[in-house]
Amino acid sequence: MASVQLNNVVKKYGALEVVHGINLDVAHNEFVVLVGPSGCGKSTTLRMIAGLEEISGGEISIGEQVVNDLPPRDRNISMVFQNYALYPHMTVRENLGFSLKIAGKEQAEIDRAVNEASTILALEDYMDRRPGALSGGQRQRVAMGRAIVRHPDVFLFDEPLSNLDAKLRAQMRVEIKKLHQKIKTTIIYVTHDQVEAMTLADRIVIMRDGFIEQQGTPSEVFEHPVNTFVATFIGSPPMNLLQGKVIADNQLAFAEGFTLPVPQEFVGAVKAGQDIVLGFRADNLMPENHALDLDEASPPIKMPIVVSEPLGTETLLYTRLAGGEIQAKMLKPRPVVDGEVLTFHLDLARCHLFDADTQKSLR
Amino acid sequence: MRRKKIPTWFVLIFPALVILAAVVLVPLLFSLYSSFTPYKLTRPDTLFKWIGTFNYQKAINSAVFWAAFGRTVLLLTIALNLEMLLGLGLALLVSRVTRGQRALRTLMMFPMMFSPILVGFQFKFIFNDNVGLVNNALQSLGLTNEAIPWLVDKNLAMFSIIFAEMWSSTSVFAILILAGLFAIPQDPLEAAKVDGCTPWQTFRHITLPFLMPFIYIALAIRSLDVARAYDIVQIMTNGGPARRTELLWTLIGRTGYVDAKMGYANAMGYISIVMAIFFTIFFFRKLNAARSELGMAG
Ligand SMILES: Nc1ncnc2c1ncn2[C@@H]1O[C@H](COP(=O)(O)OP(=O)(O)OP(=O)(O)O)[C@@H](O)[C@H]1O
Ligand SMILES: [Mg+2]
């Protein structure tokens, strides 16, 4: 039962500042996901909230109480560590019950909580094993179980699925989502996998180099990225970017003589002579007869296929346009030969324009 | 006629066998044999008189022998436990030091660099009842007027010996436990903090189990060390006065070299070795149990 606030939180290691005054408000019961490339300060931020890392400036509060100087044990948080951090000398049962035992709970109560957690996470068959005798996925679940037996105010997850194979990861993703629905609690979840971020989050916080670049619901950050970094980081495959210039008559000019009309949305927002970056997703560039309805279709674009990647329900096409390699999607796929030239339409209503200098959205 | 070829493997290990036989096997067999004779160093012909288990029976029925045996076990128990606790404390303190830790670690090993004989002389002087440092200090501070008989009184002499042993060897524990502290993974410690542990609980439930293998290794090494304790005691009290600090090996040494009863001394030696073997097996069992608990066995 707690919200979490970060006010201008700074982290320095000696002279090196790695988190530069970030502000974050996590509401009670909210599922917030921190994403960002490796080394951007996600773990550091999480560890500061947990109290494992001292903060060099600013203020952290949990449930209205400033916790800057509280040790981890007084913050009523649970943390699932990137590499599980199970107690190797304890059985699964002891691992799960450890925090309750430390808190001086009755054995009967510990047993009940441990059994409940083991049922939720399907751990019953391994209760008397030590972590060394478990698979990665099983250890993962023990780490999760250890966090939930305590009924903490806040859950902190640090890339809990990064060591699992793709299938198990997808499965555990669903489990975590169910878990959040079942035990309503505030969750702050760190990952660098944007699929996890999109599927799990109530709100995504995108970090880069110790700054928060953008925060919002998954659809907000997907549909309205504030800059090219967010645009290329969120979504798979990453958004296509083309360097260009605004010319007269609301036209955009790109390399190799390629032109496009300025999308309706941006008419008036740009002026002739301005350097811009055009961004669009593969989903919005589709070959004729293999496309969904377009809201604002561009003139036909002829492009050669460099490589095609059939994914079953759709085919990802790597093509060349205006001197760059870009990706398009073929829905209702048919076999494609490399080198084949197809006619494409771009949905201008789904395009983004960024300022070439600041890389910020011109919306 | 074909000459038999010596197998290669035998040729290869032959030099090693010769050396082993010369330095280990022959002396071992010789001493074992002599323990069944009334061998006296001063009368070599006694070596050829077989008297069966007479020496062993004599040792087993000897109150002096068992007193020394018991005293050795007592010394071992007290010294090892105290050294372990002290070493643990030292290691924990040193591991907390952020500046000059290397220098401190080196300093900590100083006592190990001195020959036990010198340590014995040093403490013989320190605890001397007339000119010793301890009595001098106590008297100057006005705490006592008497000359406390540190090396004469039965209990005080034992205390002084244990003190000297600890001074010279606590660092064995400290160094090994410090190595253990450095080897502890950080994650479980952090997990314990988040799980609500106080620093003491973290130590008790996480740190200590990780240190146990290191502690058992130190105990195994030191138990062998103390079980053959000779030099420090020999110098400080010479097992006396009146055998009040007689340990197994001072007794055996005296019997063999002063009384020249080598056969009898060897018999006592063989009985004592049983004790050393017992402690070694005991601590290695403990070590393996602690290791398998941490999932390190195999
Ligand atoms: N103890 C430390 N001393 C100095 N710099 C550190 C320390 N710990 C982390 N850093 C730096 O802080 C930055 C942020 O690290 P952090 O672990 O938070 O990254 P991350 O976003 O979690 O990355 P990843 O996705 O790889 O886990 C990195 O540039 C890292 O080099
Ligand atoms: Mg990290």
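Data table
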{"read-out": "Filter pass, A:ARG141 being surrounded by fewer than 18 Cβ atoms within 10 Å (Cβ to Cβ) and either on the phi > 0 side of the Ramachandran plot or away from chain B (no Cβ under 14 Å) (or both)", "value": "no"}
{"read-out": "Verdict on A:LEU16 being among the hydrophobic types (A, V, I, L, M, F, W, C) and without any contact (Cβ under 8 Å) to a residue 60 or more places away in the chain", "value": "yes"}
{"read-out": "Residues (more than 11 Å from every other protein chain (Cβ to nearest Cβ), of a type in the set (Gly, Ala, Ser) and in contact (Cβ under 8 Å) with a residue 24 or more places away in the chain) located in region A:99-114", "value": "A:ALA113"}
{"read-out": "Those residues of region A:270-306 which are acidic (Asp, Glu), in contact with a helix residue (DSSP H, G or I) (Cβ under 6 Å, 6 or more places away or on another chain) and not in a loop (DSSP other than H, G, I, E, B), in sequence order", "value": "none"}
{"read-out": "Sole residue being part of a helix (DSSP H, G or I), out of contact with any Ser or Thr (no Cβ under 6 Å at 6 or more places or on another chain) and more than 20 Å from B:ALA59 (Cβ to Cβ), chosen from B:ILE273, B:ILE206", "value": "B:ILE206"}
{"read-out": "Residues satisfying the stated conditions in region A:72-84, i.e. at negative phi and either open to solvent by less than 20 Å² (accessible area, probe 1.4 Å) or more than 7 Å from chain B (Cβ to nearest Cβ) (or both)", "value": "A:PRO72, A:ASP74, A:ARG75, A:ILE77, A:SER78, A:MET79, A:VAL80, A:PHE81, A:GLN82"}
{"read-out": "Test: residue in region B:163-180 that is of a type in the set (Ser, Thr, Tyr), within 14 Å of another protein chain (Cβ to nearest Cβ) and touching a residue at least 24 places away in the same chain (Cβ under 8 Å)", "value": "no"}
{"read-out": "Any hit, region A:222-242, residues being modelled with pLDDT of 85 or more, assigned to a strand (DSSP E or B) and within 16 Å of ligand 1 (Cβ to nearest atom)", "value": "no"}
{"read-out": "Meets criteria (closer than 28 Å to A:ASN163 by Cα, more than 16 Å from ligand 2 (Cβ to nearest atom) and open to solvent by less than 10 Å² (accessible area, probe 1.4 Å)) for A:VAL19", "value": "no"}
{"read-out": "Region A:115-132, subset open to solvent by 60 Å² or more (accessible area, probe 1.4 Å) and either under 18 Å from B:ALA191 (Cα atoms) or within 14 Å of another protein chain (Cβ to nearest Cβ) (or both), residue modelled with the lowest pLDDT", "value": "A:GLY132"}
{"read-out": "Residue check, A:ASP209 open to solvent by 50 Å² or more (accessible area, probe 1.4 Å), within 12 Å of ligand 1 (Cβ to nearest atom) and either farther than 25 Å from A:PRO237 by Cβ or over 12 Å from the mean Cα position of the chain (by Cα) (or both)", "value": "yes"}
{"read-out": "First in region B:234-258 and farther than 19 Å from B:VAL119 by Cα, second anywhere and among the charged types (D, E, K, R) and open to solvent by 10 Å² or more (accessible area, probe 1.4 Å), Cβ under 7 Å, 6 or more apart", "value": "B:ARG244/B:LYS154; B:THR255/B:LYS261"}
{"read-out": "Test: residue in region A:276-286 that is out of contact with any Asp or Glu (no Cβ under 6 Å at 6 or more places or on another chain) and open to solvent by 70 Å² or more (accessible area, probe 1.4 Å)", "value": "no"}
{"read-out": "Residues of region B:129-150 classified as surrounded by fewer than 18 Cβ atoms within 10 Å (Cβ to Cβ) and either charged (D, E, K, R) or in a loop (DSSP other than H, G, I, E, B) (or both), total", "value": "12"}
{"read-out": "Residues that are open to solvent by 40 Å² or more (accessible area, probe 1.4 Å), hydroxyl-bearing (Ser, Thr, Tyr) and either within 11 Å of ligand 2 (Cβ to nearest atom) or within 15 Å of A:ASP153 (Cβ to Cβ) (or both), drawn from region A:52-65", "value": "none"}
{"read-out": "Residue count for region A:165-198, restricted to those that are farther than 27 Å from A:HIS224 by Cα and either touching a residue at least 60 places away in the same chain (Cβ under 8 Å) or within 16 Å of ligand 1 (Cβ to nearest atom) (or both)", "value": "4"}
{"read-out": "Qualifying residue in region A:85-98 (condition: facing chain B (nearest Cβ under 7 Å) and within 16 Å of ligand 1 (Cβ to nearest atom))", "value": "yes"}
{"read-out": "Residue match in region A:186-196 (condition: more than 16 Å from ligand 2 (Cβ to nearest atom), closer than 30 Å to A:THR358 by Cβ, surrounded by fewer than 19 Cβ atoms within 10 Å (Cβ to Cβ) and of a type in the set (Asp, Glu))", "value": "no"}
{"read-out": "From the options A:PRO299, A:PRO263, A:PRO304, residue that is open to solvent by less than 60 Å² (accessible area, probe 1.4 Å), over 24 Å from A:THR228 (Cβ atoms) and over 25 Å from the mean Cα position of the chain (by Cα)", "value": "A:PRO304"}
{"read-out": "Residue match in region A:225-246 (condition: within 20 Å of A:ASN29 (Cβ to Cβ), of a type in the set (Phe, Trp, Tyr) and either open to solvent by less than 40 Å² (accessible area, probe 1.4 Å) or within 16 Å of ligand 2 (Cβ to nearest atom) (or both))", "value": "no"}
{"read-out": "Of all residues in region A:23-51 being within 20 Å of A:PRO152 (Cα to Cα) and within 14 Å of another protein chain (Cβ to nearest Cβ), the one that is nearest to ligand 1 (Cβ to nearest atom)", "value": "A:SER43"}
{"read-out": "Candidate set from region A:144-160 (those that are surrounded by fewer than 21 Cβ atoms within 10 Å (Cβ to Cβ) and acidic (Asp, Glu)); member that is farthest from ligand 1 (Cβ to nearest atom)", "value": "A:ASP153"}
{"read-out": "Qualifying residue in region A:329-343 (condition: at positive phi and of a type in the set (D, E, K, R))", "value": "yes"}
{"read-out": "Lone unmet requirement of (1) in contact with a Gly (Cβ under 7 Å, 6 or more places away or on another chain); (2) open to solvent by 60 Å² or more (accessible area, probe 1.4 Å); (3) modelled with pLDDT under 85; (4) part of a helix (DSSP H, G or I) for A:ASN163", "value": "(4)"}
{"read-out": "Search result, residues across region B:183-211 that are touching a Gly at 6+ places or on another chain (Cβ under 9 Å) and at the interface with chain A (Cβ under 9 Å from one of its Cβ atoms)", "value": "B:LYS193, B:VAL194, B:PHE210"}
{"read-out": "All helices (runs of 4 or more DSSP H) inside region B:42-119 with 3 or more residues being of a type outside the set (Asp, Glu) and open to solvent by 80 Å² or more (accessible area, probe 1.4 Å)", "value": "B:54-60, B:63-96"}
{"read-out": "Yes/no for A:ASP111 being away from ligand 1 (no atom under 16 Å from the Cβ), under 20 Å from B:ASP187 (Cα atoms) and surrounded by fewer than 17 Cβ atoms within 10 Å (Cβ to Cβ)", "value": "no"}
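The values are calculated or read from the model by the stated rules, or taken from the named source; none is laboratory data. Since this is a predicted model, take the numbers as computed values, not measurements. Using ideal geometry, Cβ is built from the backbone for each residue, glycine included, and neighbour counts are taken over all protein chains shown. Quick note on the areas: whole protein, heavy atoms, side chains included, nothing else; ligands and nucleic acids left out. Shrake-Rupley method; radii C 1.70, N 1.55, O 1.52, S 1.80 Å.
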